[in-house]
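The block underneath contains the structure these notes are about, expressed in C-alpha cells.
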Amino acid sequence: MNSTGNLVRIAQLSCGAEYSGIQAEIDSAVKQVNAVMVYPEVDIEDIENIEEEFGLKVASADLKLMMARAKSIVTGKVKVDAVFVATCFRCAEAAIVRSEVRRYLNEKTGIPVISYSFTERTTAGTLLTRMEALTTTARRKSLLAREEQTGLTAGIDSGSTTTKSVVMKDNRIIGKGWVPTIKVLESAEEAFNNALEEAGVKREDIQAIGTTGYGRFLVGEHFNADLIQEEITVNSKGAVYLAGKQKGSATVLDIGGMDNKAISVQDGIPGMFTMGGICAGASGRFLEMTAKRLGVKIDELGKLALKGNYQNVQMNSYCIVFGIQSLVNSLAAGSTPEDVAAAACHSVAEQLFEQQLQEIDVKEPVLMVGGTSLIEGLPKAVSELLKVKVIVPDNAQYIGAVGSALLASGFILK
Amino acid sequence: MKVFIYPTNSLILSDLVERFGHEPLAIMQEIGKKVRTPGLDSPPINITPEDPKFGLKYAAVEVPSGVRGRMSLFDSLIADAEAAIVVRDPVISFGCMGCARTNELVNFLVRAKKIPMLEVDYPESEEEAKEFVYKISGFLKSLGSRAGEEEA
C-alpha cells in the first residue's frame with residue numbers, strides 16, 4: 001500500500017463535517033494513507049472580503065471560510081500537497097461553492113483536489129479509496145508520468161465481478177486472462193495463469209507485478225506485488241495509455257460491477273473524480289440482470305440495444321428491482337427485446353450522467369473503459385446524453401490490469 | 001429568565017444577558033457538555049454520527065446532516081428558552097454558527113414559541129451601537145420586572 005510513502009499534507013476545506021459527526025472518519029482515512037489533514041489559517045478580514053474577491057456571494061459563513069482557505073492555498077500562504085473539499089449532501093449552496101472552489105484550485109494550482117458530499121453515514125472505508133488516489137497523485141507524480149511499459153510485467157485487477165490479468169512485454173500486451181471473481185485469490189491465480197499461458201512465460205520471469213481493484217490488498221500480498229494501487233489512478237493511466245491519449249485532457253468513465261468512476265484526467269494524472277457506489281441500478285449488475293431476463297448473454301445485450309429505441313419503453317425507476325420490473329412490464333405489454341435492452345443501457349447511462357458527471361468537467365476525449373464498455377448500447381447511450389463521441393479503446397476491459405502492469409514497470413530498476 | 005441569544009455563540013450578548021441577572025442560553029454550554037463527556041472520542045467537538053439523528057426532531061432526513069447535527073446542539077436551548085434576543089445580519093466576528101440554513105430554522109423555531117422576543121439589527125455606527133445596547137438592556141430589564149410581577 002502506498003501509505004509507506006512520505007507524509008502528505010492535505011488541506012481540508014469543508015462545511016458541516018464536524019457537525020455531521022464524521023470528522024473522526026475523515027481523520028481515520030487520512031491516517032491510513034500516511035497523510036495529515038491541515039486547516040489553512042485565515043484572518044477574519046479574509047473571510048469578510050472573500051465574496052468580493054472570489055466573486056461568489058453566499059449566506060453561510062463556513063462556505064465563506066472554505067473560499068478564504070482556498071485563496072490562502074492559491075496565494076501560497078499555506079503549503080499543501082493535496083486538497084479535500086467536502087460539504088453536506090443535499091445542500092445546494094454548498095454544492096455550488098464546492099464545485100467552484102475545486103475549479104478555482106484546479107485552474108490556479110497544480111495541486112490535486114478531490115471533492116465529496118457526505119452524510120452522517122460516511123465512513124472512513126468510503127473515503128479510503130479517494131484519499132488513496134489523492135495522496136498517490138500527490139506522492140507519485142514521477143511514477144504517474146510513465147508513458148511506456150518496459151520489461152516483462154504483469155497486472156492483476158481483482159474486481160467485484162470479474163478478475164482480469166495481463167502480461168506485458170516492451171509496451172505490448174502478450175497475454176490476457178479474464179475470469180469471474182468467485183474466491184478472490186483463486187480467481188486471481190486463474191486469471192494470472194491464463195495470462196501467463198497465453199504469453200508463454202513463466203511466473204518467475206515476471207519482473208514486477210501491480211495489483212488493483214477491490215481485492216488489491218489481498219491479491220497484492222499473495223503475489224508479493226511491487227505496486228498495490230486503487231482503481232482511480234490505475235484506470236486513468238490505463239485508459240489514456242490504451243487510447244493513445246496520454247497528453248492533454250481526457251475524461252475516463254468506468255461503470256463497474258459495484259461502483260462507477262468518472263475521472264477528469266490531465267496528462268494521464270487524475271484531477272477531479274467521483275466514485276459512486278450507492279445504487280446497483282447504476283452498475284453493471286443492472287445490465288447483467290436485464291440480459292438474464294431477456295435470455296441473452298451479457299455480451300449479446302449491447303448489440304441488441306443498438307437495434308432498439310429506449311423511448312419505446314417507459315421506465316418508472318432506476319432501481320435494480322423496480323427498474324427491472326418496468327422492463328418486465330414493457331415486455332408483457334409487447335415491447336421488443338431490442339427496445340428493452342436499449343432502455344436498460346439508457347437507464348444506467350442516465351444515472352451516471354445525473355449522479356456523477358455533474359461534478360466533473362467533461363473534457364474530450366471521453367474514454368469508456370471496463371467490461372461494461374463492451375456492451376455497445378452503453379457507450380452509445382452515454383454518447384447521446386453527453387452529446388460527444390465516446391471512445392472505447394481496444395482491450396478496454398483490461399484497463400486496470402494494463403494500468404497496473406504499466407505502472408509496475410517503474411519498479412523494475414529498484 | 002432563560003434567554004436564548006442569536007448569534008448563539010455571541011460572547012457580547014451572553015455577557016449582557018448575565019449582567020441583567022438572567023441566564024443566557026448559548027451554544028458554548030452545549031458544546032462544553034459534549035467536549036467534557038467522558039468516553040467519547042470524536043474530535044473536535046465530540047459530535048458523533050448519532051447526533052444528526054437527534055436533529056430529525058426538527059428537520060427531515062432530506063435536510064443536510066450538518067444542519068441536523070447543529071440542530072441537535074440547539075435542542076435544549078430552544079426547549080428551555082423563555083425569552084429571546086435575535087440580532088439580525090451580524091458580522092462574523094460578533095458570533096456565527098457557520099450555516100445559514102441552520103440559522104434560518106433556529107430563528108423560525110424561536111419565533112414560533114411566541115416568547116418575549118427582541119429582534120434588533122446589528123449596528124453599523126457608534127450611534128447605532130449605543131441604541132443597540134440600550135434596546136437590549138431595556139428588553140432585559142422588562143423581562144426582570146415581568147419575572148418579578150409573576151413572582152408577586
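Coordinate-derived values only; no laboratory data. This is a predicted model, so every value here is computed, not measured. Neighbour counts run over all protein chains shown; Cβ positions are idealised from the backbone, glycine included.
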Quiz prompt | Candidate lysines - alpha carbon under 18 Å from residue B:130, same-chain residues fewer than 8 apart omitted | solution = B:141
Quiz prompt | For residues of B:92-98, the mean tally of beta carbons on other chains within 10 Å | solution = 4
Quiz prompt | Part-to-part distance (alpha-carbon centres) for the stretch A:24-45 and the stretch B:1-31, which is given in Å | solution = 32 Å
Exercise. Give me the Kirkwood hydrodynamic radius of the stretch A:373-414, using the inverse of the mean 1/r over all pairs of distinct Cα atoms, in Å to one decimal.
Key: 12.2 Å
Practice problem: Would you mind classifying the stretch A:284-330 by shape? Square roots of the alpha carbon gyration tensor eigenvalues, ordered a ≥ b ≥ c; an a/c under 1.5 is rounded, otherwise it is prolate if a/b is larger than b/c and oblate if not. | Solution: oblate
Self-check item: Lysine pair number, Cα distance threshold 19 Å (strictly under), the stretch A:56-169, separation 8 or more or different chains
Solution: 9
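Suppose a student asked you for the relative contact order of chain B, using Cα pairs under 8 Å spaced at least 6 residues apart; what percent would you report? Write down the numbers at each step before the final one.
Details: 194 pairs, mean separation 43.4, N = 152.
Over chain B, the number comes to 29 percent.
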Quiz item: Which of the lysines could a cross-linker bridge to residue B:57, judged by Cα under 23 Å and excluding same-chain residues fewer than eight apart?
Solution: B:2, B:33, B:34, B:113, B:114
Practice problem: With no solvent and one equal point scatterer per Cα, compute the Debye intensity ratio I(q)/I(0) for the stretch A:70-114 at 0.27 Å⁻¹ and report its log10, rounded to two decimals. | Solution: -0.96
Quiz prompt | Projected-area average for the stretch A:245-392 over all orientations - Cα convex hull basis, square nanometres | solution = 7.7 nm²
Quiz item: Going highest first, how would you order A:10-16, A:35-41 by mean Cβ packing within 10 Å?
Solution: A:10-16, A:35-41
Quiz item: Over all residues in A:114-127, what is the mean tally of Cβ atoms on other chains that come within 10 Å of each residue's Cβ?
Solution: 2
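Does the protein assembly as shown come out rounded, prolate or oblate, given a ≥ b ≥ c as the square roots of the eigenvalues of its C-alpha gyration tensor, rounded meaning a/c under 1.5 and, failing that, prolate meaning a/b above b/c?
Prolate.
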Quiz item: Just for chain A, what percent of DSSP beta bridges are antiparallel, to the closest 5?
Solution: 50 percent
Exercise. Could you tell me the distance between the Cα centroids of the stretch A:137-156 and the stretch A:70-125, to the nearest Å?
Key: 27 Å
Self-check item: trypsin sites (Lys or Arg not before Pro) within the stretch A:2-95: DSSP coil, no more than 11 neighbouring Cβ in 10 Å
Solution: A:57, A:79
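Summarise the long-distance tail of P(r) for chain B by giving the % of C-alpha pairs beyond 26 Å. Walk me through the numbers on the way to the answer.
On the way: 3266 of 11476 pairs.
Cα-Cα pairs of chain B separated by over 26 Å account for 28 percent.
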Quiz item: What is the packing order of peptides A:230-240, B:64-74, A:129-139, A:380-390, taking the mean over residues of other C-beta atoms within 10 Å and listing the highest first?
Solution: A:230-240, B:64-74, A:129-139, A:380-390
Exercise. First select every other residue whose beta carbon is under 10 angstrom from the beta carbon of residue A:53; then total the charges, Lys and Arg +1, Asp and Glu -1.
Key: -2
Quiz item: Normalised by the residues of the stretch A:2-139, what does the relative contact order come to in percent, with Cα pairs under 8 Å and at least six apart?
Solution: 34 percent
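From the square roots a ≥ b ≥ c of the eigenvalues of the alpha-carbon gyration tensor of the stretch A:2-139, which class results: rounded (a/c under 1.5), prolate (a/b over b/c), or oblate? Spell out each step's value before the answer.
Working: a/c = 1.94, a/b = 1.31, b/c = 1.48.
Note, shape of the stretch A:2-139 comes out oblate.
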Quiz item: In peptide A:53-59, how many Cβ atoms from other protein chains are near each Cβ within 10 Å, on average?
Solution: 1
Quiz item: Can you list the lysines whose alpha carbon sits under 23 Å from that of residue A:307, skipping same-chain ones fewer than 8 residues off?
Solution: A:292, A:297, A:380, A:387, A:389
Exercise. Mind listing the lone cysteines of chain A, meaning no other Cys beta-carbon sits under 4.7 Å from theirs?
Key: A:15, A:279, A:319, A:345
